[in-house]
Amino acid sequence: MKKFNIRKVLDGLTAVSSPSPSPQLGAKENELIPETLQSEHFQLCKTVRHGFPYQPSSMAFDPVQKILAIGTQNGALRLFGRPGVECYCQHESGAAVIQLQFLINEGALVSALSDDSIHLWNLRQKRPAVLHSLKFSKERITFCHLPFQSKWLYIGSERGNIHIVNVESFTLSGYTIMWNKAIELSSKAHPGPVVHISDNPMDEGKLIIGFESGIVVLWDLKSKRADYRYTYDEAIHSVAWHHEGKQFICSHSDGTLTIWNIKSPAKPAQTITPHGKQPKDGKKPEPCKPILKVEYKTTRAGDPFMIFSGGLSYDTVGRRPCLTVMHGKSTAVLEMDYSIVDFLTLCETPYPNDFQEPYAVVVLLEKDLVVIDLAQNGYPIFENPYPMMIHESPVTCCEYLADCPVDLIPALYSVGSRQKRQGYSKKEWPISGGNWGLGTQSYPEIIITGHADGSVKFWDASAIMLQVLYKLKTAKVFEKVRCKEEKPSTEIVDEDPFAIQLMSWCPESRMLCVAGVSAHVIIYRFSKQEITTEVVQLLEVRLQYELNDLESPEGGGDQTPGTSPSPQTTAPQTHTSTSSNSSDGIRDNIPCLKVRSSPLKQSSGYQVELVVQLVWVSGEPPQQISSLAINSCYGLVVFGNSNGLAVVDYLQKTVLLNLGIMELYSSNDPYQRQLRSPRKSRQPSGGLCDISEGSATSEDRCKSPTSVLLSVCPPRGSIPQDNRDNSFSRSRSSSVTSIDKEAREAVTSFHFCETYNRKADGGLTSSLWVGTSLGTVLAISLSMPPAGEQRLLQPVIVSPCGTLVRLKGSILRMAFLDSTGSLLPSAFEPWYEPNAPANGEERDKVRKRRPVSVSPSTSQELNENQYAVVCSEKQAKVISLPSQTCVFKHNITETSFVLRADVVQMNAGICLACFCANGHIMTLSLPGLRPLLDVNYLPLTDMRIARTFCFTNLGQALYLTSPTEIQRITYSQEVCENLQETLGELFTPVETPEAPNRGFFKGLFGGGAQSLDREDLFGESGAGKAPRSLAQHIPGPGGIEGMKGAASGIVGDLARARIALDERGQKLSDVEERTAAMMASADSFSKHAHEMMLKCKDKKWYQF
């Protein structure tokens, strides 16, 4: 496997596309094909991000708005409301989000980052933006706390100091709590960073400060001194209050919990080691792992809940991370699949001084989000409605289809709904804030993901949402390997032998074909009925060649006698290779995986039709499959690799063609390669070692050294190209100047069509076009038997027709246009129920072959010309058929190469969309190949994006932006304009719940919550100004100007009107205040004047 070379990728970052296409036909002919798409139809923007936030680091919840926020280690912010309401934001610095704090029910969020900056986000707009930022220069931020309904944010630092920020103006208060004043003489050493800050639920003037070393201070904000100090000899990780404000609980690094009465600082009221073994002699229990966080929640009717993470004993080696729920005398230990990042207890009230009434716990794991129902016995989890398990097994490939058949999503949903797990909580999902968008997009969209464990998932992606429909497990076809000792020696990959490498899908017939890394192809048919397959149908194919010995035909290993006898089905026999002897002899005719021999029960959904496996040949492993296509109209599957290609008739279960690429060239072909001294070299057993982050692309896995390498001469007219060792390239073309230079031509793309294969053809022929890594397009003619029973009895005749065209670089995509320039879709067969009764009339009706699809704009006559669109890594050409003349040509890039190209249907026409390795996204008009869009979208491409990027119709595209997240983008101006209305709203006006009633006696004797006028205490008049050098204020783009730019449509107009009214009301209130002040001043002046008059009334002039 070739290594990823970052230098070679950077070499391609300055690629410049050719400024204009090269038309090769007269203006008169060009005018006959009007092009409706113009550059103004295109605009590139991100639409929505799906999946689990990659590398999460923090979490917050708004209990009134019911919105969840998750921050990540790369500065991303993901906000979740009700299912379907999601939002993605990104901090510019990319620093890790260490803490999040909602301004509860205010539509705002404060984020603290590891670069010591804090940011205020406005959530009242559909795309949240930063209103203010504050960057600390002399302090490292460790903890933040924002009391409910307060505008003063407490910020703890690594030095142990606490600063206070006004979240309205984002300015620092002059009020500071210095660490030495907080601890005074209670400790001789520095207490360490601040790990906790919170105010007493019953007295806002008392602040509890937790220092890492084990010191806790109860600080009186008014008197600016410590009331009490509590010292424990173990480090503190977190602190939590009892709602009455008389007790608090600390979690420590030795696995203990200490409960303190605030007026008894000498020692804890209670010390608990929940998971420690209690010695009989009364000694301290054995230390346990640290309790990283604890929450203390009370209930009106019963015992309080103590919930914490960590604290397990050290002898539980290998035990999974746990969350412990202690309620009364019961202790429940809930095991998690991944490490716990953070957890939050959801409560009925936002007020800290009331009974909390907890009802759920949100647990943020390293790779999952779990919500536990506290109200039901056994603490069941809620079924997560968000599409967060994209990465359940690493994604290895993706396909995206917009505007698919309308009956497809309901069919997949109906079979997928039977796969749902049981045992979930019956309650509604508790994160239910926000509102859905009002988008008018109505077409269905489907995303298919292939995974490392061999599973395939189908997702409903309509209307910028994502919901899993159905999951297919392809590994069920093969025998299970229970341990490494049982692993067969024939496997060509060390891990994930079932990983999906390529997928080909016919949505109209619902036929699915997948290729795996173990050189296997599985063909599936969709059925709504359960069946049991006694024997899985299997074909074994030898696809390995040495070209100096063309001998008798050697067909597929287990072919049925229906194989076509035509000379094109011959396959050269390979000599025995003595270079790969092993202890168990030379492996020959053995597949990499063993297909199960026991009956296979197949539930409704996708059911195995046929398994095709490439076999070892004379000790050499099969090459991994590099290209794959299925056509339901012809009943054929074709796949290829660096050795050749095989055409399989999945209806008759036979191999029709099994050829090396050299044999596809006709004897008088101008592009035929002259062979020179073929060599042998053994393939190392590498394959796909790791499909997760940083692994090779699917194309890479087909590039490992092979048993035969061909020395080739440069074909006539070819242009020398650099032979880059690059992870994005398929098999690179090379100009060979020496007999020692070796190149391998691999099959890289296929296209089934009905077209003209030869210049002299008088009518359309069923065909298969083949693209290779050296830029050659070859044709194979298909002679189909009559439909119906004859199709199953008579053989399909396949005959290669030689080369049609040659381009620079590997062929990526082929498509066909009719004489008016409209896209010609491939022929297909409508779906039918394969397990219906054999004598059913309905089955006979639908089994009739559908005629070739014709252009929507014209009923094409047989003698009318067509246009073939061929795109390679370097250039695109439009070929007129049957004349085979190049009418348009465009050099897409000179210094980079195209990773993905698709011919897509837009509302106003069709175009060719390309994604280059240098990050450029381009669209070209068809058939004229005029550049319409060229945007440098991604600054640097990596292998995961290269493997998963795909375009689809109506201006949609997607790629895997991280191992756990799908990023969807659009290149359509129309979609960009309507995006604002399509997006959901996070903030909705909700009444804040009433504050708890203090009761008669508490009000009479002052036992209720004590309020504090923080404005007098922290404001400029009371505390003065903070030093300017401490933090720098940075205004954000998310103010009213940002809102004006972001909002559009009637929603934006209403928002602007509301803001204008607010501003006007503010100004009016200011005027009223000034008027009242002037009136008060006038009254005072009048009063003083009257007093003066009375005083001086009886005095003579000389007495003054």
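The values are calculated or read from the model by the stated rules, or taken from the named source; none is laboratory data. If you're wondering where the values come from, they're calculated on a predicted model, not measured in any experiment. Using ideal geometry, Cβ is built from the backbone for each residue, glycine included, and neighbour counts are taken over all protein chains shown. Ligands, DNA and RNA are excluded from the accessible area calculation, which covers all protein heavy atoms including side chains. Shrake-Rupley method; radii C 1.70, N 1.55, O 1.52, S 1.80 Å.
Annotations for the structure displayed:
- Screening Gln1010 against (1) touching a strand residue (DSSP E or B) at 6+ places or on another chain (Cβ under 7 Å); (2) within 27 Å of Gln90 (Cα to Cα); (3) modelled with pLDDT under 70; (4) of a type in the set (S, T, N, Q) leaves a single unmet condition, (2).
- Selection within the range 395-426 - of a type in the set (Phe, Trp, Tyr) and either open to solvent by 60 Å² or more (accessible area, probe 1.4 Å) or in a loop (DSSP other than H, G, I, E, B) (or both): Tyr413, Tyr424
- Leading residue by the ranking (most open to solvent (accessible area, probe 1.4 Å)) among those in the range 918-930 that are more than 11 Å from Phe897 (Cβ to Cβ) and part of a loop (DSSP other than H, G, I, E, B): Arg930
Conditions tested, residue by residue: (1) open to solvent by 70 Å² or more (accessible area, probe 1.4 Å); (2) aliphatic (A, V, I, L, M); (3) at pLDDT 95 or above; (4) in a strand (DSSP E or B).
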position	(1), (2), (3), (4)
Gly210	no, no, yes, yes
Ser213	no, no, no, no
Phe248	no, no, yes, yes
Val294	no, yes, yes, yes
Ser309	no, no, yes, yes
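- Within the range 908-959, the set of residues being in contact with a strand residue (DSSP E or B) (Cβ under 7 Å, 6 or more places away or on another chain), among the aliphatic types (A, V, I, L, M) and within 24 Å of Asn978 (Cα to Cα) comprises Ile910, Leu912, Ala913, Ile921, Met922, Leu924, Leu932, Leu933, Val935, Leu954, Ala957, Leu958.
- Residue match in the range 91-103 (condition: among the small types (Gly, Ala, Ser), at pLDDT 95 or above and under 23 Å from Ile177 (Cβ atoms)): no
- Within the range 897-917, considering residues that are in contact with a helix residue (DSSP H, G or I) (Cβ under 8 Å, 6 or more places away or on another chain) and over 20 Å from Pro825 (Cβ atoms), the one surrounded by the fewest Cβ atoms within 10 Å (Cβ to Cβ): Leu899
- Matching entry among Arg320, Arg300 (being surrounded by fewer than 17 Cβ atoms within 10 Å (Cβ to Cβ) and under 38 Å from the mean Cα position of the chain (by Cα)): Arg320
- Each residue in the range 337-358 was checked for being touching a strand residue (DSSP E or B) at 6+ places or on another chain (Cβ under 6 Å), open to solvent by 10 Å² or more (accessible area, probe 1.4 Å) and either part of a strand (DSSP E or B) or under 19 Å from Leu292 (Cβ atoms) (or both), and 8 of them qualify.
- Screening Ser504, Ser509, Ser552 for residues that are closer than 26 Å to Ile780 by Cα, modelled with pLDDT of 75 or more, of a type in the set (Gly, Ala, Ser) and part of a loop (DSSP other than H, G, I, E, B) leaves exactly one candidate, Ser509.
- Annotation note: Cβ proximity below 9 Å between a residue of the range 446-457 that is more than 13 Å from Thr474 (Cβ to Cβ) and a residue that is open to solvent by 10 Å² or more (accessible area, probe 1.4 Å) and of a type in the set (S, T, N, Q) (sequence gap 6+ or interchain) occurs for Ile446/Ser462.
- If you go through the range 174-185 and pick out every residue that is in a helix (DSSP H, G or I) and farther than 16 Å from Ile141 by Cα, you end up with 6.
- Long-range neighbours under 7 Å by Cβ, at least six apart or interchain, first residue under 21 Å from Thr772 (Cβ atoms) and modelled with pLDDT of 50 or more within the range 852-880, second among the hydroxyl-bearing types (Ser, Thr, Tyr) and outside any strand (DSSP E or B): Ser872/Ser810; Glu873/Ser810; Lys874/Thr893
- Only one of the numbered conditions (1) more than 21 Å from Leu958 (Cα to Cα); (2) under 27 Å from the mean Cα position of the chain (by Cα); (3) β-branched (Val, Ile, Thr) is not met by Thr490, and that is (2).
- Scanning the range 257-292 for residues that are closer than 20 Å to Val217 by Cβ and either open to solvent by less than 30 Å² (accessible area, probe 1.4 Å) or in a loop (DSSP other than H, G, I, E, B) (or both) returns Leu257, Thr258, Ile259, Trp260, Ile262, Lys263, Ser264, Pro265, Ala266, Lys267, Pro268, Ala269.
- Test: residue in the range 125-143 that is modelled with pLDDT under 95, of a type in the set (Phe, Trp, Tyr) and at negative phi: yes
- One residue stands out in the range 290-305 among those that are basic (Lys, Arg) and in contact with a strand residue (DSSP E or B) (Cβ under 9 Å, 6 or more places away or on another chain): the one that is nearest to Glu212 (Cα to Cα), namely Lys293.
For every residue, the table says whether it meets (1) modelled with pLDDT under 70; (2) assigned to a helix (DSSP H, G or I).
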| site | (1), (2) |
| --- | --- |
| Val990 | no, no |
| Arg998 | yes, no |
| Asp1016 | no, yes |
| His1033 | no, no |
| Leu1054 | yes, yes |
| Arg1064 | yes, yes |
| Glu1072 | no, yes |
| Met1078 | no, yes |
| Tyr1102 | yes, yes |
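- Number of positions in the range 216-225 that are open to solvent by 10 Å² or more (accessible area, probe 1.4 Å), of a type outside the set (Lys, Arg) and part of a strand (DSSP E or B): 1
- Test result for Glu392, at pLDDT 95 or above, of a type in the set (D, E, K, R), surrounded by 15 or more Cβ atoms within 10 Å (Cβ to Cβ) and under 18 Å from Ile447 (Cβ atoms): no
- Of residues in the range 788-810 being in contact with a Leu (Cβ under 9 Å, 6 or more places away or on another chain), assigned to a strand (DSSP E or B) and among the β-branched types (Val, Ile, Thr), the one least open to solvent (accessible area, probe 1.4 Å): Val798
- Any hit, the range 459-479, residues being within 20 Å of Val612 (Cβ to Cβ), assigned to a loop (DSSP other than H, G, I, E, B) and out of contact with any Ser or Thr (no Cβ under 8 Å at 6 or more places or on another chain): no
- Qualifying residue in the range 931-951 (condition: in contact with a Gly (Cβ under 7 Å, 6 or more places away or on another chain) and open to solvent by less than 10 Å² (accessible area, probe 1.4 Å)): yes
- Residue that is modelled with the highest pLDDT, among those in the range 973-986 that are closer than 20 Å to Gly107 by Cβ and open to solvent by 40 Å² or more (accessible area, probe 1.4 Å): Glu985
- Test result for Ala360, among the small types (Gly, Ala, Ser) and in contact (Cβ under 8 Å) with a residue 40 or more places away in the chain: yes
- Close pairs from the range 611-623: first within 9 Å of Ile590 (Cα to Cα), partner open to solvent by less than 10 Å² (accessible area, probe 1.4 Å) and of a type in the set (Gly, Ala, Ser), Cβ under 6 Å, at least 6 apart: Leu614/Ala519
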